[in-house]
Amino acid sequence: MATLVTKVRQAIERYGLFAQGERVIVAVSGGPDSTALLLALAALAPEYGLSLIVAHLNHMFRGAQAEADARWVEELARRLGVPFAREDADVPALIRQSGMTVEQAGREARYRFYERLARRTGATKVAVGQTLDDQAETVLLHLVRGAGLTGIAGIRPLRRAPYGYVVRPLLWVTRAETEAYCAAHGLKPRHDPYNDDPHYLRNRIRRAFLPWLAEEANPRIKEVLAQSAAIWQEEEDYLQAAAAAAYRKAACAQRDGVGLKAEELEALPPALRRRVLRLAYAAVSPAGVKDLGFTHTEALLDLAGGGAGRVLDLPHGVRAERHPDYLRLTRVPPAAAVPPFSYPLVVPGVTIIPELDYAVHTFFADDGDRASSAPVSLVASAVFDYNEAGPRLFARNWRRGDWFCPRGLGGRKKLSDFFIDAKIPRSERSRILLIATARDIIWVAGLREDARFVAGPGTARRIHIEVHRTDSGTKEGDTDEQH
């Protein structure tokens, strides 16, 4: 069986983690993983000519215990003869100011520290101590949260950073091996109680779900997930390169925003088309693809394959418009919050919603009462059971306490929680149109129907509801683009 140092050496060679003579920052919290990483790299430093620096960040969460962690790491660095750098970061204040989660704020503070230290010392690599266990947990965490291939490919052994690279030499080493390695060196690493808190999903995966899978499905589940992640990373790299090439071919000149030729998009298989659309969104959005969830991506895919004149509003103020020959994505100024409104719908007929520049068209499929004759752009459409929904329908916006039964969920959900899951910013929630009875929401327009009102095979009478844009929209020929 390969020793921990042998596995680290193999990872260095396989992924090209270090070049001869590099200066490397080793991130050490004092836990068994980062401690084992420091010990292994100290043993291998002469072989690769590495110059190490130990970096420790006090997150200022645990008072005297955190201070004791920092002193323990400093003493270990002194014993190994490695320079020590410490910084204290008020992560609780960062959480209050930014609204980040504990994990997000801690990671942000750590990597800011590493970047400052790297620039000050001339280091080109930061080594962090994530293990095979972390890889397995990350794959499952992303999978249950609904990530695509990019997410389930997990943690990369080598990631580009502003100063060079973040490297992870322990990705093929288990947590049990790091603990045993520390014990063999007579060390008792520090323990962070955060890792025991069942409030965090990662900890529940670590302490309950993975052991259950190991017992019930595969005793080698962690290794299998890590091996799968390695395969998925290679496949992700291939698809990224193919998508980038397709994006360059589909892109057309724009005065502002991004344009994609419809003919080129239609020629792509769905897997590449979806990625090209996400690349276009990332080029316009100030947050890259952050907050562009599955629902948004599928709506964008539907828009790209539809007819001209349709418009779709996406997170971070990005608007997609379908023109006859291309799809255009631009960023529009943030809209002001909309005060509460409620309008009874004309059934069948047209109801104008001036607050949103929308017109809601209702008609029955079986009697030809379709009313959509105005020159407007379709935003969303759905079909409902008229006998369940009834004739008294309203168009309104969100109210505190709203809930509905999202189709596909199998139960009721607070609308505020649905907005969080759908990554709808708080500032935009008052602009989401709801179609409702006097008591119940039947449709969060363009996002999800209520399962109790959706038309099915046995529906006796169906009511179609379409939401159209009534503002200037996009008029054929009103463009400055060159194709």
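The values are calculated or read from the model by the stated rules, or taken from the named source; none is laboratory data. What you are looking at is a predicted structure, and each value in this text was computed from that prediction instead of being measured. Virtual Cβ from ideal backbone geometry, glycine too; neighbours counted across all protein chains shown.
Observations, loosely collected:
- Boolean, L149 is surrounded by fewer than 16 Cβ atoms within 10 Å (Cβ to Cβ), closer than 23 Å to P219 by Cβ and under 14 Å from the mean Cα position of the chain (by Cα): no
- Failed criterion for V82 (all others in (1) surrounded by 15 or more Cβ atoms within 10 Å (Cβ to Cβ); (2) free of Cβ contacts under 8 Å to residues at least 40 places away in the same chain; (3) more than 30 Å from A208 (Cβ to Cβ) hold): (2)
- Taken as a whole, the condition of being within 20 Å of Y358 (Cα to Cα) and among the basic types (K, R) applies to R396.
- Residues located in region 6-39, provided they are within 14 Å of R175 (Cα to Cα) and among the aliphatic types (A, V, I, L, M): V8, A36, L37
- Condition check for E75: of a type in the set (D, E, K, R), farther than 29 Å from L225 by Cβ and surrounded by 14 or more Cβ atoms within 10 Å (Cβ to Cβ): no
- Among (1) surrounded by 18 or more Cβ atoms within 10 Å (Cβ to Cβ); (2) in the same structural domain as R426 (by TED's automatic domain parsing), the one test that L292 misses: (2)
- Per-region count, region 434-445, residues under 15 Å from T362 (Cα atoms) and either under 30 Å from the mean Cα position of the chain (by Cα) or among the acidic types (D, E) (or both): 5
Each row is one residue, and each column tells you yes or no for (1) of a type in the set (A, V, I, L, M, F, W, C); (2) under 20 Å from E115 (Cα atoms).
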| residue | (1), (2) |
| --- | --- |
| R9 | no, no |
| E13 | no, no |
| V26 | yes, yes |
| A36 | yes, no |
| H56 | no, yes |
| Q65 | no, no |
| D90 | no, yes |
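- Count of region 161-200 residues which are modelled with pLDDT under 95 and on the phi > 0 side of the Ramachandran plot: 1
- Within region 424-436, one or more residues are touching a strand residue (DSSP E or B) at 6+ places or on another chain (Cβ under 6 Å) and closer than 16 Å to N387 by Cα.
- Whichever residue in region 58-89 is at pLDDT 95 or above and in a strand (DSSP E or B) and, among such residues, is nearest to G106 (Cα to Cα): R86
- Of the strands (runs of 3 or more DSSP E) entirely within region 385-462, those holding at least 3 residues that are in contact with an Asp or Glu (Cβ under 7 Å, 6 or more places away or on another chain) and touching a residue at least 24 places away in the same chain (Cβ under 8 Å) occupy 441-444.
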